[in-house]
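The values are calculated or read from the model by the stated rules, or taken from the named source; none is laboratory data. All values derive from a computational prediction rather than experimental measurement. Here the Cβ is made from the backbone with ideal geometry for all residues, glycine too, and neighbour counts use every protein chain on show. Protein only, heavy atoms only, side chains kept; ligands, DNA and RNA dropped before computing areas. Shrake-Rupley method; radii C 1.70, N 1.55, O 1.52, S 1.80 Å.
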Amino acid sequence: MTKVAPGRIEMITGPMFSGKSEELIRRLKRARIARQRVACYKPNIDLRYHRTAISSHSSQTHDASTVTTVEDLRSALFPQLEEIEVVGIDEVQFFSETIIPLTVELVHLGKRVVMAGLDTTFAAEPFGPVPDLMAIADDVTKLSAVCMVCGAPAIHTQRLGQSRELVVVGAAGLYEARCRTHFQPWIDDSKSEQLELPSVP
Ligand code: ADP
Ligand code: MG
């Protein structure tokens, strides 16, 4: 049996609005310009815009299949794996940790795996499998957004409103990017002064 040259794991991370999906779409489009065959997936938790594409807040899109679990991703990918050179995954933070061994398996089968996902939750805690994926990646791109209070580089995702559920899917109006100074992990109803945030200039 001929030994396959290993592929490459690329992790694109940062807060919401930092351009992760844009960067993933850019890399996948370049791969296709290089005539490489691309398969792209996203978890079905994120149906904000499209069921058959990933999209960025700047309205760029790339075809993608929606899958519910890592097992579904495997079942969708493996029948066509021989033809695929590049595997893209967006919103990877929503998958279980079984995405980690699948990624390792794919890289040893010679695939380039390009993933995008949030590094931290709205509570500033590491998000799902992303820290482990960053650790095993060949390359990590950590992007920042623009703080909606002061315009500085933002590393945090601020949830606006009271919900403490880990997953409340949405974008503008529900979340915004914040720098360390203006990030408030918990907005407590009982301390109303905490709700008085400076307005965006
Ligand atoms: P992510 O996937 O990281 O959430 P996207 O790639 O979907 O980000 O969107 C990035 C785009 O979002 C930017 O190019 C810009 O047009 C827009 N955007 C909106 N709010 C912000 C912000 N606070 N900081 C940076 N970009 C923003
Ligand atoms: Mg995105």
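Below, the figures for the structure above:
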{"quantity": "Residue within segment 122-131 that is within 16 Å of ligand 2 (Cβ to nearest atom), open to solvent by less than 40 Å² (accessible area, probe 1.4 Å) and at pLDDT below 95 present", "calculated": "yes"}
{"quantity": "Selection from segment 64-94 of residues that are under 18 Å from Thr13 (Cβ atoms) and away from ligand 1 (no atom under 16 Å from the Cβ)", "calculated": "Val87"}
{"quantity": "Residue in segment 86-93 that is open to solvent by 20 Å² or more (accessible area, probe 1.4 Å) and within 17 Å of the chain's Cα centre (by Cα) present", "calculated": "yes"}
{"quantity": "Tabulated pairs, segment 130-146, first hydroxyl-bearing (Ser, Thr, Tyr), second within 15 Å of ligand 1 (Cβ to nearest atom) and open to solvent by 50 Å² or more (accessible area, probe 1.4 Å), C-beta under 7 angstrom, 6+ apart or interchain", "calculated": "Ser144/Pro153; Ser144/Ile155"}
{"quantity": "Residue check for Gly110: of a type outside the set (S, T, N, Q), assigned to a loop (DSSP other than H, G, I, E, B) and more than 22 Å from Ser55 (Cβ to Cβ)", "calculated": "yes"}
{"quantity": "Cβ-Cβ under 6 Å pairs, at least 6 apart or on other chains, segment 13-37 side crowded, with 20+ Cβ neighbours inside 10 Å, far side of a type in the set (D, E, K, R)", "calculated": "Thr13/Asp119; Thr13/Lys142; Gly14/Lys20; Gly14/Lys142; Ser21/Asp90; Leu24/Asp90"}
{"quantity": "Single unsatisfied condition, Thr61 versus (1) within 14 Å of ligand 1 (Cβ to nearest atom); (2) open to solvent by 60 Å² or more (accessible area, probe 1.4 Å)", "calculated": "(2)"}
{"quantity": "Segment 1-46: number of residues that are under 22 Å from Pro129 (Cβ atoms) and more than 16 Å from ligand 2 (Cβ to nearest atom)", "calculated": "6"}
{"quantity": "Conditions (1) touching a residue at least 24 places away in the same chain (Cβ under 8 Å); (2) at positive phi; (3) within 16 Å of ligand 2 (Cβ to nearest atom); number of the one not met by Gly110", "calculated": "(3)"}
{"quantity": "Every pair of residues 6+ apart whose Cβ atoms lie under 6 Å, when the first sits in segment 55-72 and is under 15 Å from Glu23 (Cα atoms) while the second is open to solvent by 90 Å² or more (accessible area, probe 1.4 Å) and within 11 Å of ligand 1 (Cβ to nearest atom)", "calculated": "Ser55/Tyr49"}
